[in-house]
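Undergrad: This is the structure I want to talk about, given as structure tokens.
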Amino acid sequence: MMQDLSGRSIAQLSVLLQSGALDPRALTEWTLGRVRDHADQAIFTVVTPERAMREAEASHMRLSSGRPLGLLDGIPVAWKDLFAIKGLSTTAGSIVLKNDPAATEDAAVVAALANAGMVSVGRVNMSEFAFSGLGLNPHYGTPRNPCSKDVGRIPGGSSSGSGVAVAAGLVPVSIGTDTGGSIRIPAALNGIVGYKATRGRYSMRGVFPLAKSLDSLGPLCRTVQDAVWVDAAMRGLPASEVRRGSLEGLSIVVPTDVVFDGAEDGVVFAFEGALSRLERAGARVRRQAFPAFKRIFEITAAHGPLVTAEAYALHRFRLEGADAASMDRRVVSRARLGEKIALSDYIAILDARDRLVAEVSTLVGPSEIIAYPTVAHVAPPTVPLEADDALFVETNGRTLRNTLIGNFLDWCGVSLPCGTGEAGMPVGLLLSALPHHDTHLLSVALAAEDVVRVG
């Protein structure tokens, strides 16, 4: 009988595969069976058994002959429904694209992970067109947060299926996108690790966009080590340059503006507990005002959100045509707000963004890490949000608030599980670094993970 492999990290599975204790074909068959038989059929939108078994067979041949492509050879991976996969239409969580032509080639990062020997098992669900931080989807269903023991709770979005697929133990990693928090939010709400790279770290070829000036990519997985390995492979590297850092003398900056406003007591308690453990491990913590945080939201109020301006430009003809009737009403309503954002407003946002990025860079040293709660609340119940559009809008804004700061300032970030809050739901601690300091961030996250985690 096949052993239960649910919840295993990439590193744990890699040891079994590389040693010959586990055959990649058996692992792939087990994974496909788990996906097929899982109670929540809203997690995956497309399963690719033929491709998966073909890739698993090739991995078996390499491993059995002692010529693996690396530590990721034979590891299953799932893809958010924004990545082009050869032979499939890219539907972006929507039904209006289901009849689009199939992709003639894989997205660049899909091809990169295939070249590392990973096995693509399918595509996972998401907020339609990636335009929500909650993860609700009226077309394919809303994945249930597997950490909830009381009522159905949201998975977080927009990479909802990615977060749930990993948290539910179906796959060890799923690749998501992040425009305002779409990797870090589902990671935090589902109690897993989510790494958002600096924009531009990976090729965006073959990735359906939301807002190109904000879009970034990254893995949702079980450990930081897993993220480090996948990060290298997504860049086409045979091994990572990231090395485990030290917490001794590390300077951690905790903002005093915005990010704790209205935060739930349980979230603050879990965050402060993790911070205390980091201090005991040798880190130095200072708390500092970041006036730029408030300015981001003032700029948004004055000129409109950057993401909405770019999303409207991308979807304008859909929003003005018959397709709008087949789209999520909440996505349509929010995206149409972009019509009111004039070109002068858009330019003003970009100019202000450049100034704020420069301003913040003078407040944070290149080796310092910024830390605050990924989301100021735990995952709320799903049903009220489906029934009340005003509540949806308000909750979506609160959910995205902390993470979108990093997108606007072009930071990289890692969300680590740091405890639980209300109803025993997971809380995430967000570690961020200045643009293009990804190697340092991942180094610190490797050192911090065991200290931050509890239980």
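Undergrad: Let me confirm something: among Ala211, Ala227, which residue is closer than 25 Å to Thr399 by Cβ and touching a Pro at 6+ places or on another chain (Cβ under 6 Å)?
TA: Checking each option against the conditions leaves just Ala227.
Undergrad: Please indicate, with yes or no, whether at least one residue in region 31-45 is part of a loop (DSSP other than H, G, I, E, B) and among the charged types (D, E, K, R).
TA: yes
Undergrad: Restricting attention to region 42-54, does a residue exist that is under 18 Å from Leu5 (Cα atoms), touching a Leu at 6+ places or on another chain (Cβ under 7 Å) and free of Cβ contacts under 8 Å to residues at least 60 places away in the same chain? Can you show your working first?
TA: Narrowing region 42-54 to residues under 18 Å from Leu5 (Cα atoms): 52-53.
From what is left, the residues that are touching a Leu at 6+ places or on another chain (Cβ under 7 Å) are 52.
Imposing the further condition that a residue be free of Cβ contacts under 8 Å to residues at least 60 places away in the same chain reduces the set to none.
Taking every residue of region 42-54 in turn, none turns out to be under 18 Å from Leu5 (Cα atoms), touching a Leu at 6+ places or on another chain (Cβ under 7 Å) and free of Cβ contacts under 8 Å to residues at least 60 places away in the same chain.
Undergrad: Name the single residue, out of those in region 424-440 being part of a helix (DSSP H, G or I) and touching a Ser or Thr at 6+ places or on another chain (Cβ under 7 Å), that is least open to solvent (accessible area, probe 1.4 Å).
TA: If we take residues in region 424-440 being part of a helix (DSSP H, G or I) and touching a Ser or Thr at 6+ places or on another chain (Cβ under 7 Å), then Asp438 is least open to solvent (accessible area, probe 1.4 Å).
Undergrad: Tell me, yes or no, whether region 57-75 has at least one residue that is at pLDDT 95 or above, farther than 24 Å from Ile10 by Cβ and crowded, with 20+ Cβ neighbours inside 10 Å. Before the answer, list the steps.
TA: Step one: filter region 57-75 for residues at pLDDT 95 or above, giving 57-75.
Okay, now just the ones that are also farther than 24 Å from Ile10 by Cβ, so none.
No, region 57-75 contains no residue that is at pLDDT 95 or above, farther than 24 Å from Ile10 by Cβ and crowded, with 20+ Cβ neighbours inside 10 Å.
Undergrad: Pairs please, first residue from region 101-128 and open to solvent by 10 Å² or more (accessible area, probe 1.4 Å), second anywhere and assigned to a helix (DSSP H, G or I), Cβ atoms under 8 Å, 6+ apart in sequence or on different chains.
TA: Matching pairs, first to second residue: Glu105/Ala111; Asp106/Ala114; Ala112/Ala233; Ala112/Met234; Ala114/Glu55; Asn115/Ala233; Ala116/Ala233.
Undergrad: Would you check which residues across region 46-78 are among the hydroxyl-bearing types (Ser, Thr, Tyr) and not in a loop (DSSP other than H, G, I, E, B) and list them?
TA: If the condition is that a residue be among the hydroxyl-bearing types (Ser, Thr, Tyr) and not in a loop (DSSP other than H, G, I, E, B), then Ser59, Ser64 are the ones that fit.
Undergrad: For the structure I just gave you, tell me whether Ser344 is out of contact with any strand residue (DSSP E or B) (no Cβ under 9 Å at 6 or more places or on another chain), in contact (Cβ under 8 Å) with a residue 60 or more places away in the chain, more than 27 Å from Ala270 (Cα to Cα) and open to solvent by 10 Å² or more (accessible area, probe 1.4 Å).
TA: no
Undergrad: Continuing with this model, one more query. Just to verify a result, which residue in region 266-288, among those that are outside any helix (DSSP H, G or I) and open to solvent by less than 50 Å² (accessible area, probe 1.4 Å), is farthest from Leu247 (Cα to Cα)?
TA: Checked region 266-288; the qualifying residue farthest from Leu247 (Cα to Cα) is Gln288.
Undergrad: What are the pairs with Cβ atoms under 9 angstrom where one residue, in region 1-25, is touching a residue at least 12 places away in the same chain (Cβ under 8 Å) and the other, located anywhere, is among the small types (Gly, Ala, Ser) and open to solvent by 70 Å² or more (accessible area, probe 1.4 Å)? Sequence gap at least six, or different chains.
TA: Gly20/Ser64; Asp23/Ser64
The values are calculated or read from the model by the stated rules, or taken from the named source; none is laboratory data. Since the model is a prediction, treat every value here as computed from it, not as a measurement. Note that each Cβ is placed from the backbone with ideal geometry, even for glycine, and that neighbours are counted across all protein chains shown. Only protein heavy atoms, including side chains, enter the accessible area calculation; ligands, DNA and RNA are left aside. Shrake-Rupley method; radii C 1.70, N 1.55, O 1.52, S 1.80 Å.
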